[in-house]
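Undergrad: Here's a structure for you.
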Number of protein chains: 2
Amino acid sequence: MFYKAMRLVGNLSTVERLRNLAQRSNYAKTIMTTSCCKIQEEVSKLLALKAQLGSEDAAPSKFVLKTPKGTRDYNPQQMTIRNNVLQKIITVFKRHGAECIDTPVFELKEVLTGKYGEDSKLIYDLKDQGGEILSLRYDLTVPLARYLAMNKINNLKRYHIAKVYRRDNPAMTRGRYREFYQCDFDIAGQYDLMVPDAECLLVVTEILNSLDIGKYVLKVNHRRLLDGMFETCGVPADKFRSTCSTVDKLDKSPWEEVRTEMINEKGVTPEAADRIGEYVRLNGSSELADKLLQDEKLSKNKSAVEGLEGIKLLLHYCELYGIKDKILFDLSLARGLDYYTGVIYEAVLTQPIKIGNEDQTVGSIAGGGRYDNLVGMFDSKNKQVPCVGVSIGVERIFSVLEAKLAAGDISVRTSDIDVYVASAQKNFLEERMKICAELWNAGIKTEQSYKKNPKMLNQLQHCEENGIPLAVILGESELKRGLVKIRNITTRQEDEIPRDNLVEELKSRIEVLDIKEMNGPIRK
Amino acid sequence: MFYKAMRLVGNLSTVERLRNLAQRSNYAKTIMTTSCCKIQEEVSKLLALKAQLGSEDAAPSKFVLKTPKGTRDYNPQQMTIRNNVLQKIITVFKRHGAECIDTPVFELKEVLTGKYGEDSKLIYDLKDQGGEILSLRYDLTVPLARYLAMNKINNLKRYHIAKVYRRDNPAMTRGRYREFYQCDFDIAGQYDLMVPDAECLLVVTEILNSLDIGKYVLKVNHRRLLDGMFETCGVPADKFRSTCSTVDKLDKSPWEEVRTEMINEKGVTPEAADRIGEYVRLNGSSELADKLLQDEKLSKNKSAVEGLEGIKLLLHYCELYGIKDKILFDLSLARGLDYYTGVIYEAVLTQPIKIGNEDQTVGSIAGGGRYDNLVGMFDSKNKQVPCVGVSIGVERIFSVLEAKLAAGDISVRTSDIDVYVASAQKNFLEERMKICAELWNAGIKTEQSYKKNPKMLNQLQHCEENGIPLAVILGESELKRGLVKIRNITTRQEDEIPRDNLVEELKSRIEVLDIKEMNGPIRK
């Protein structure tokens, strides 16, 4: 009986899925209107049934206690790592004058429609519960474009750090989730060529330097150059974007495979593919740009020349910014997303990261580029706001640091407590409370046991386990003499000091504390 | 034709809604199985249709550019306010040793089922796209309980700041949204009576003091006392919770209305209602608790005595914590949520807030209580982890501050930039870039125009509009002499200093800057 009902539910769900299809096609409308009557009959029966049912509660059922597929909780250690990384990134963003914005976690579905090409199938939709049709945001770039167009903003340098959602096949050990953070920095506005673009590259280098996760290179290329290159190689214009997607696979696949895909799947001729093959193996510095500007074919292609001149200017600005040695002009860099229109870039770690005794390859850790036409897609008059931006791949950074934590390579402190108020004797809860109140009032990060008569050993153990450096220890005989003890948890040294000097004494001891740091200061 | 199709869609949506009902009832299963065949016929037709349709794309249509109902973007000013408020709250949470956790924005639907009573209808569901059935989180308390049970954690003092989702009727001017922040602090663990509970109250006072948004009172009551009171007044046990919900309306409605609802809707006798009416008008301090412990009826009721003894102990601890004058024992406080089992509390602003020339009443601004049975609902062996916690109503605080901003009562600075690098002359972009790189390298928050040859007036205007205090001004004649000018934007004073001393000079000037603050320091 249950299974039959479930099959029915399955069918109804199919009906639901077909609804969208039906809406779109006139043919569907015709067919569905004729079959409408029969369905309506059934619906009437079910409605009558509903009236009889009343508001019965769902029966409790066994289920596996878990987070949804591809998601996870962050425990206090993971949150500490995450907050430390984000704090460093925000410091760089702010140093460059970026303002912070936030947008809702969901958008009208129409806002996302037609922006992500094939990947649109990965968008999470909300159930139609009556009202607007909504989807969870897929990235932070489309919401930014929607925000700029909706508020008619022509200039903005903003950062946005928030979670985005993709119904992808998660590979969680490598930091790929269905719910994950993006950390975006974008400059919107009509400015002079390559000036904001170069600053985006500088921002990436400042962030990667401050995170200190190893050597990296910043690959750059230009969509106009790619277009010109495809054109001179004999790829028809309508195949530029799909050929571009294939070139994008060169960081993971050898040229031979990419060539085969171009010919067999993208309809590029073998001759064209071979010509492309000669270009995409090139990489270098501005000398390479100069050389290509002399290239017999490219030099005659307007688009290619525009791209090459752009790259030259960008590299020149990078030199002024002192980051020339980090940049590699690489003709194989293509980037997946359709909306890029100018410079594109990607930061790649050039060394595997040592985790415990194993080396782990991380690869791409930041990426971005210029997209001058996206905002116009939301403007009724198609008014453009040129944009360039970068997204930091923080999830990969988190997972590297979490792996290091698990391997014991680093440690983190999940609470900031400086002082623990303890007592060896019974009935000291009230005395402890008074001292705690005094310390909290003085802004000292303080903790005590929530038990009336905790054991001394447990209290000291709590300090050790949580890296709390100091304990105030109350005893009857000391208090009678107007004294309390301060214990240094690491050295185990105890000093008696006057009760009245406690706050002052603790503050000066906290000042000079040397607390273990995780990949930079944990404590502010 | 279109409207007919839409009607059909409406019907299918009804079918979808009936699905849940059908699943629950055996009767429904029987009926639906018999009518299953006909629907299946239609489904087959539609499936055939689907095959013909292929993967046609949605036609582009005009739509209103907006955020979903009940949600909003945060612009840089709003984000600055929000981040300042959250930073102050986090400082207090950390001072008490709370660790930070985070959970996914959605949960398996079953996790939320049966936790929110009537309000369950406000939960956002995700569309069934194949796979798990998910819902957006409704609060942070149920995800915490799920987290504790899933990870078998018996002790945790955590804070969690994140957005939650409710399909409510938004009242956005009063800070009520469908997507909004919660700021929760909870202490989980088996501890001695009222010790963690009192700390939660202290945390609320520290936060409200640090936010400095006016006078407030912290009302406290106890669910066991309410239960005992209802019992002695003659309310049957199965009506305790619903009577409690009615009492909860006393902060908005007069007693007469509440009395009528009790009698007409909740089935309480007029005599019982009148007896309740006498109790709920009482409020005071621990003297009131003492008096009620002598009350002829309450003193004989185990539950009431337990509640009163609890309140007495709590008030005693509050005295030790120095917050006695902020606490009001109030028998009319009931709190809406079902899951509270012990002490309950609510912070209320006692004065309207002046915004421009108008007074605005804000009311409740924080609330919470003890819930000892929630974690057990997720444990297969029903193992309990007692919890007490508080949620800060930050959206109300945000909207008060935003209204003050709009009225010109406060101002905010949305970027942290200290130095703007400007030039009056043409062709100084490269010189500016070199100076910027030097300042960024030195950690100085620096900005420049992204234009090659910006006008001096525009550059200085940018500084004034964005509260940037200092400008470095480059000129040909000064540079030839190895000098640059530093301009104080407010005083307009300009000083020539050696180019080589620039970083040092700027750092010492930034050190002594006095920048306008919004409700406490904007700058760290």
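Undergrad: Filter the stretch B:128-142 down to the residues that are more than 8 Å from chain A (Cβ to nearest Cβ) and not hydrophobic (A, V, I, L, M, F, W, C) and list them by number.
TA: B:Gly130, B:Ser135, B:Arg137, B:Tyr138, B:Asp139, B:Thr141
Undergrad: Let me ask something else. Any chance you could count how many residues in the stretch A:240-260 are over 26 Å from A:Thr350 (Cα atoms) and open to solvent by less than 60 Å² (accessible area, probe 1.4 Å)?
TA: 3
Undergrad: A further question follows. Which residue is nearest to the other protein chains (Cβ to nearest Cβ), if the candidates are limited to the stretch A:392-413 and must be open to solvent by less than 30 Å² (accessible area, probe 1.4 Å) and of a type outside the set (A, V, I, L, M, F, W, C)?
TA: A:Arg413
Undergrad: Right, something else. Considering the stretch A:288-304 alone, what residues qualify as being part of a helix (DSSP H, G or I) and open to solvent by 40 Å² or more (accessible area, probe 1.4 Å)?
TA: If the condition is that a residue be part of a helix (DSSP H, G or I) and open to solvent by 40 Å² or more (accessible area, probe 1.4 Å), then A:Asp290, A:Lys291, A:Ser299, A:Lys300, A:Lys302 are the ones that fit.
Undergrad: What is the residue count in the stretch B:431-470 for residues that are more than 25 Å from A:His316 (Cα to Cα), touching a residue at least 40 places away in the same chain (Cβ under 8 Å) and open to solvent by less than 40 Å² (accessible area, probe 1.4 Å)?
TA: Total meeting the criteria: 5.
Undergrad: Still on this structure, please answer the following. Looking at (1) in contact with a strand residue (DSSP E or B) (Cβ under 6 Å, 6 or more places away or on another chain); (2) touching a residue at least 60 places away in the same chain (Cβ under 8 Å), which one does A:Leu156 not meet, given that it meets all the others?
TA: (2)
Undergrad: Now, a different point. Criterion first (closer than 20 Å to A:Gly342 by Cβ, out of contact with any Gly (no Cβ under 6 Å at 6 or more places or on another chain) and small (Gly, Ala, Ser)) does A:Ala304 satisfy it?
TA: no
Undergrad: Taking B:Met229 as meeting all but one of (1) in a helix (DSSP H, G or I); (2) open to solvent by 40 Å² or more (accessible area, probe 1.4 Å); (3) in contact with a helix residue (DSSP H, G or I) (Cβ under 8 Å, 6 or more places away or on another chain), write down the number of the exception.
TA: For B:Met229, the failing item is (2).
Undergrad: Which one of the conditions (1) over 29 Å from B:Ala403 (Cα atoms); (2) assigned to a loop (DSSP other than H, G, I, E, B) does B:Arg335 fail to meet, given that it meets all the rest?
TA: Evaluating B:Arg335 over (1) over 29 Å from B:Ala403 (Cα atoms); (2) assigned to a loop (DSSP other than H, G, I, E, B) leaves (1) as the failure.
Undergrad: Out of the helices (runs of 4 or more DSSP H) lying entirely within the stretch B:72-179, which hold 3 or more residues that are buried (at least 21 other Cβ atoms within 10 Å of the Cβ)?
TA: In the stretch B:72-179, the matching helices (runs of 4 or more DSSP H) lie at B:76-95, B:141-150.
Undergrad: A further question on this structure: So, in the stretch A:347-382, exactly how many residues are in contact with a Gly (Cβ under 6 Å, 6 or more places away or on another chain) and not hydrophobic (A, V, I, L, M, F, W, C)?
TA: 4
Undergrad: Continuing with the same structure: Which of the residues that make up the stretch A:182-197 are more than 8 Å from chain B (Cβ to nearest Cβ) and either assigned to a strand (DSSP E or B) or within 20 Å of A:Gly393 (Cα to Cα) (or both)?
TA: Matches in the stretch A:182-197: A:Gln182, A:Cys183, A:Asp184, A:Phe185, A:Asp186, A:Ala188, A:Asp197.
Undergrad: Given the criterion more than 7 Å from chain A (Cβ to nearest Cβ), within 23 Å of A:Tyr124 (Cβ to Cβ) and of a type in the set (Phe, Trp, Tyr), identify the matching residue among B:Tyr116, B:Tyr124, B:Tyr74.
TA: Step by step, each of B:Tyr116, B:Tyr124, B:Tyr74 is checked, and only B:Tyr116 is more than 7 Å from chain A (Cβ to nearest Cβ), within 23 Å of A:Tyr124 (Cβ to Cβ) and of a type in the set (Phe, Trp, Tyr).
Undergrad: Only residues that are more than 9 Å from chain B (Cβ to nearest Cβ) and either under 39 Å from the mean Cα position of the chain (by Cα) or among the basic types (Lys, Arg) (or both): list them for the stretch A:449-458, please.
TA: Across the stretch A:449-458, the qualifying residue is only A:Lys455.
Undergrad: Identify the single condition in (1) within 30 Å of A:Glu431 (Cβ to Cβ); (2) open to solvent by 40 Å² or more (accessible area, probe 1.4 Å); (3) part of a helix (DSSP H, G or I) that B:Arg275 does not satisfy, given that it satisfies every other one.
TA: Failed condition: (1).
Undergrad: Please count how many residues of the stretch A:282-304 are in contact (Cβ under 8 Å) with a residue 60 or more places away in the chain and of a type in the set (D, E, K, R).
TA: Summing the residues that are in contact (Cβ under 8 Å) with a residue 60 or more places away in the chain and of a type in the set (D, E, K, R) in the stretch A:282-304 gives 3.
Undergrad: Sticking with this one: Quick check on my filter: what residues within the stretch B:322-353 are of a type outside the set (Asp, Glu) and under 20 Å from B:Asp212 (Cβ atoms)?
TA: B:Gly322, B:Ile323, B:Lys326, B:Ile327, B:Ala347, B:Val348, B:Leu349, B:Thr350, B:Gln351, B:Pro352, B:Ile353
Undergrad: For the stretch B:281-311, what are the residues that are in contact with a helix residue (DSSP H, G or I) (Cβ under 6 Å, 6 or more places away or on another chain) and among the β-branched types (Val, Ile, Thr)?
TA: B:Ile311
Undergrad: Still on this structure, please answer the following. Taking the stretch B:472-506 on its own, how many of its residues are open to solvent by less than 30 Å² (accessible area, probe 1.4 Å) and out of contact with any Lys or Arg (no Cβ under 9 Å at 6 or more places or on another chain)?
TA: 3
Undergrad: Those residues that are under 24 Å from the mean Cα position of the chain (by Cα) and among the hydroxyl-bearing types (Ser, Thr, Tyr), I need them from the stretch A:191-233; list them, please.
TA: Of everything in the stretch A:191-233, those that are under 24 Å from the mean Cα position of the chain (by Cα) and among the hydroxyl-bearing types (Ser, Thr, Tyr) turn out to be A:Thr205, A:Ser210, A:Tyr216.
Undergrad: Pick from B:Val484, B:Val421, B:Val472: which is more than 9 Å from every other protein chain (Cβ to nearest Cβ), more than 23 Å from A:Tyr191 (Cα to Cα) and not in a loop (DSSP other than H, G, I, E, B)?
TA: Selected residue: B:Val484, the only one of B:Val484, B:Val421, B:Val472 that is more than 9 Å from every other protein chain (Cβ to nearest Cβ), more than 23 Å from A:Tyr191 (Cα to Cα) and not in a loop (DSSP other than H, G, I, E, B).
The values are calculated or read from the model by the stated rules, or taken from the named source; none is laboratory data. Everything quoted here is computed from the prediction, not taken from an experiment. Every residue, glycine as well, gets a Cβ built from its backbone with ideal geometry; the counts of neighbours run over all protein chains shown. Ligands, DNA and RNA are stripped out before the accessible areas are found, and what is left, the full protein with its side chains, is counted by its heavy atoms. Shrake-Rupley method; radii C 1.70, N 1.55, O 1.52, S 1.80 Å.
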